[in-house]
1. Within segment 30-45, does at least one residue satisfy the condition of being under 24 Å from K146 (Cα atoms) and not in a loop (DSSP other than H, G, I, E, B)?
2. Which numbered condition in (1) more than 16 Å from the ligand (Cβ to nearest atom); (2) in contact with a helix residue (DSSP H, G or I) (Cβ under 9 Å, 6 or more places away or on another chain); (3) part of a loop (DSSP other than H, G, I, E, B) is the only one that A83 fails?
3. Hey, A41 hits all of (1) surrounded by 18 or more Cβ atoms within 10 Å (Cβ to Cβ); (2) touching a helix residue (DSSP H, G or I) at 6+ places or on another chain (Cβ under 8 Å); (3) farther than 19 Å from R94 by Cα but one; which does it fall short on?
4. With respect to L22, determine if the residue is within 17 Å of the chain's Cα centre (by Cα), surrounded by fewer than 17 Cβ atoms within 10 Å (Cβ to Cβ) and of a type in the set (A, V, I, L, M, F, W, C).
5. Which of (1) under 18 Å from the mean Cα position of the chain (by Cα); (2) at positive phi; (3) more than 16 Å from the ligand (Cβ to nearest atom); (4) not assigned by TED's automatic domain parsing to the domain that holds K14 does Q132 not meet, given it meets every other one?
6. Restricting attention to segment 90-112, does a residue exist that is closer than 13 Å to F153 by Cβ, more than 16 Å from the ligand (Cβ to nearest atom) and assigned to a helix (DSSP H, G or I)?
7. For segment 122-156, enumerate the residues that are assigned to a helix (DSSP H, G or I) and within 20 Å of E103 (Cα to Cα).
8. Taking Q77 as meeting all but one of (1) over 14 Å from the mean Cα position of the chain (by Cα); (2) within 24 Å of R40 (Cα to Cα); (3) assigned to a loop (DSSP other than H, G, I, E, B), write down the number of the exception.
Amino acid sequence: MQDVKFIVTQELGKLAKWLRILGYDTEYHGEREVSDLVIRALKGDRVLLTRSPAFMKYTGIRVVRIESDHVEEQVDQVTRELALEFSEEDIFRRCVECNVLLEDIEKEEVRDKVPEYVFQTQEVFKRCPQCQKIFWQGTHWDMVGKWLEERGFCSS
Ligand SMILES: [Zn+2]
């Protein structure tokens, strides 16, 4: 995966979740002043993703003006413009809500914390150190799996 971090504006919350699932460090703060987001992008060396024209006048930050309303096409655009790559190891490394890296957790520890069928069928579990939510490979697969397969990033 590329060494690139993102900050996305209020209207792109779904895109932020996708980028996190795909492994990319993505800040999302909901409603914020334009100047505040610009400063955060500068300080954090983050590419700013937005549908708003308000950011185009700022120099010194990289802005990608997102064209589509549909999250799949938004991810396509970011992937194209920044030549992003994905690998199966990078997926599900990051909490979709908190944007922090997940930690490994023993299977035995999740016995009472995940649905029975998940416990029976999954071997690898991870936990968010911030919100304590437990993740496994299939957690978001319904959402991003098809997208990844169609673009040849994943075989499974
Ligand atoms: Zn979390």
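The values are calculated or read from the model by the stated rules, or taken from the named source; none is laboratory data. Predicted model, so just to flag it, every value in this text is computed and none were measured. Neighbour counts run over all protein chains shown; Cβ positions are idealised from the backbone, glycine included.
1. Checking segment 30-45: not a single residue is under 24 Å from K146 (Cα atoms) and not in a loop (DSSP other than H, G, I, E, B).
2. So the condition that A83 fails would be (2).
3. All conditions are met except number (2).
4. No: the conditions fail for L22.
5. (3)
6. For segment 90-112, residues closer than 13 Å to F153 by Cβ, more than 16 Å from the ligand (Cβ to nearest atom) and assigned to a helix (DSSP H, G or I): present.
7. W141
8. Here Q77 meets the rest and fails (3).
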